[in-house]
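Heads up, the thing below is written out as structure tokens.
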Amino acid sequence: MPNPSFNSRKPISVHALPIFVCLFFSAIPHSALKIPPPLPILPLPSASQLQWQLSSMALFLHFGPNTFTDSEWGTGHASPSVFNPTLLNASQWVHVAKEAGFSRVILTAKHHDGFCLWLSEYTDYSVKASPWRNGKGDVVAELAAGAKEAGIALGLYLSPWDRHESCYGKTLEYNEFYIGQMTELLTRYGDIKEVWLDGAKGEGEKDMEYYFDAWFSLIHQLQPDAVIFSDAGPDTRWIGDEAGVAGSTCWSLFNRSNAVIGGTNPQYSQGGDPHGHDWVPAECDVSIRPGWFWHASQVPKSALELLDIYYKSAGRNCLLLLNVPPNSSGLISDEDIQALQEFKELRRSIFSNNLAEKGLLTASSIRGGNDNYQFSAYNVFEESIYTYWAPEEDQRDWVLYLDLQESVSFNVLQVQEPIHMGQRIIKFHLEILSGGRWKNVISGTTVGYKRLLQFPTVQSQYLKLVIDMSRADPLISYMGLHMDRFSILSHASNTTSQIYVNGSQVLRQVPNKHSQTATV
């Protein structure tokens, strides 16, 4: 009898089928099967929080009667007639933001003075009572149209404190009024990606209880893709200052139960909480000018000042929210645009070239074995959080070794974590081989979405990135070495960034065996 073949027309016996299936699958090499990724460590960001973090920078637009009255906190009694930006062009605002590398804009739709930049049906204190566009104009609508056309995300600030409305101070009545206005903003202008509010209120003002939980539920109902910013979240939190400076240790982890809008400890806001049960990343707000609103007598910060703020905000696991106020003509001023363009050029000059990416990489271990490219060390040269280096489980050493193939000078280290897998790294350091000995260059604490560490210029061919402490097996999605020829560092060599572990439970700690400079 001839041997059966796959070309035979004779059907395979039903009794032989299980044996055939087993033989077929046993022939598949074990290496062809994917190794599952590590287990994410809670808490994790939501989809909207992830998109917010990936945007890295946003432009704040403080605009209203204060722009025309040379004020910061309006009284709520300025005549609507003062608002007349004859050259207003919201598309210019959006263009300026996009050209400077910002991917979202946030407008003060209503500031503390209560004046509304849209045609609200709940008050006459708005653009409809102004001479601008003969009372028919709508700043929010024009900005929404410009942002949509440019592919820029739109956010809105609706101040809870209202110095104009007579119902402010009457808890039930004002909360209903506020929700009515919020509903207008979230149902008329398309997709809103961020709702920004705070607990600001001057001393001696009327007592007022805000129904924050009701507001938040409504916002998420009407705009499910929006993140909500406040002093205490729920989606993004205030960093605790208006200088745009985060703590040198900055966790996205946070306990909302420990925070009160309008009364959160600034130190807690700056550092976050390694024990936090909630994912509430920080937003750093700062103005390009001394004031939040435009004033003719003020000048913008220089590009170098903005770069320094960038290192201390976006470079510390935060989003940089930079206020660039339109002037009384309704345009962003030329001097502000120039500062933003120079700031963009500085970032391009420094970060467009990763001096490490042509180097040879090895790792202390790779999840699934050294031949598993799924979690290869070379993933850290890809600019995506969804590809990353992962070490083998239950290892003591977490190290990336880099041979640059020639001696290279650099003074900035960039490290990123795949934050969709949770924030993990507590402490790490960088070493270079110098004079035949390993020398500690810089030590840092939390990484998160992005960490930038500056240090006096060093030169070496060989270096290693060592993870000292982590909440779980550390994962690294990006590593970069850069040369900043513009910033002037005042600190000495072997600088160590401030440690703020705050008693965090550590999964494993790796002793620093080779470094000649101890970390704190």
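The values are calculated or read from the model by the stated rules, or taken from the named source; none is laboratory data. Everything numeric in this text was worked out from a predicted model, so none of it was measured. For neighbour counting, all protein chains shown are included, and Cβ atoms are generated from backbone atoms with ideal geometry for every residue, glycine included. These area figures cover heavy atoms from the full protein model, side chains too; ligands, DNA and RNA do not enter into them. Shrake-Rupley method; radii C 1.70, N 1.55, O 1.52, S 1.80 Å.
Assorted remarks:
- Here the range 162-213 is the region considered, the condition is being open to solvent by 50 Å² or more (accessible area, probe 1.4 Å) and small (G, A, S), and the residue that is nearest to V140 (Cα to Cα) is S166.
- Verdict on F381 being open to solvent by 20 Å² or more (accessible area, probe 1.4 Å), modelled with pLDDT of 95 or more and of a type outside the set (S, T, Y): yes
- Among residues of the range 359-378, those that are open to solvent by 20 Å² or more (accessible area, probe 1.4 Å) and not in a loop (DSSP other than H, G, I, E, B), counted: 6
- Selection within the range 104-127 - part of a loop (DSSP other than H, G, I, E, B) and touching a strand residue (DSSP E or B) at 6+ places or on another chain (Cβ under 7 Å): F115, L117, W118, L119, S120, T123, Y125
- Any hit, the range 42-55, residues being outside any loop (DSSP other than H, G, I, E, B), touching a strand residue (DSSP E or B) at 6+ places or on another chain (Cβ under 9 Å) and closer than 27 Å to H164 by Cα: no
- Comparison of Q298, Q270 shows that the only residue that is assigned by the TED database to the domain that holds S103, open to solvent by 10 Å² or more (accessible area, probe 1.4 Å) and not in a loop (DSSP other than H, G, I, E, B) is Q270.
- Considered as a group, the residues in the range 56-115 that are of a type in the set (D, E, K, R) and more than 21 Å from S297 (Cβ to Cβ) include one that is surrounded by the fewest Cβ atoms within 10 Å (Cβ to Cβ), and that residue is E99.
- Selection status of P36, modelled with pLDDT under 95 and either in a loop (DSSP other than H, G, I, E, B) or of a type in the set (K, R) (or both): no
- Members of the range 255-271 found to be in contact (Cβ under 8 Å) with a residue 60 or more places away in the chain and of a type outside the set (V, I, T), listed by number: G262, G263, G271
- Picking from residues in the range 454-477 that are open to solvent by less than 10 Å² (accessible area, probe 1.4 Å) and closer than 19 Å to Q53 by Cβ, the one that is farthest from the chain's Cα centre (by Cα) is P474.
- Sub-8 Å Cβ pairs linking a first residue in the range 196-222 that is assigned by the TED database to the domain that holds M182 to a second residue that is among the aromatic types (F, W, Y) and surrounded by fewer than 17 Cβ atoms within 10 Å (Cβ to Cβ), at least 6 apart or interchain, are G202/W73, ordered by first then second residue.
- Every residue from the range 301-313 that is part of a loop (DSSP other than H, G, I, E, B) and either at positive phi or crowded, with 21+ Cβ neighbours inside 10 Å (or both): S313
- Exactly one residue out of E383, E393, E357 is of a type in the set (D, E) and within 19 Å of the chain's Cα centre (by Cα), and it is E383.
Here is a yes/no grid of residues against (1) modelled with pLDDT of 95 or more; (2) out of contact with any strand residue (DSSP E or B) (no Cβ under 8 Å at 6 or more places or on another chain):
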{"residue": "L413", "(1), (2)": "yes, no"}
{"residue": "K439", "(1), (2)": "yes, no"}
{"residue": "T446", "(1), (2)": "yes, no"}
{"residue": "Q454", "(1), (2)": "yes, no"}
{"residue": "D473", "(1), (2)": "yes, yes"}
{"residue": "S477", "(1), (2)": "yes, no"}
{"residue": "S493", "(1), (2)": "no, no"}
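- Residues of the range 224-241 classified as open to solvent by 40 Å² or more (accessible area, probe 1.4 Å) and in contact with a strand residue (DSSP E or B) (Cβ under 6 Å, 6 or more places away or on another chain), total: 1
- Take the conditions (1) within 26 Å of I337 (Cβ to Cβ); (2) over 23 Å from the mean Cα position of the chain (by Cα); V96 misses just one of them, which is (2).
- Looking only at the range 242-267, residues that are surrounded by fewer than 23 Cβ atoms within 10 Å (Cβ to Cβ) and either part of a helix (DSSP H, G or I) or on the phi > 0 side of the Ramachandran plot (or both) come to 6 in all.
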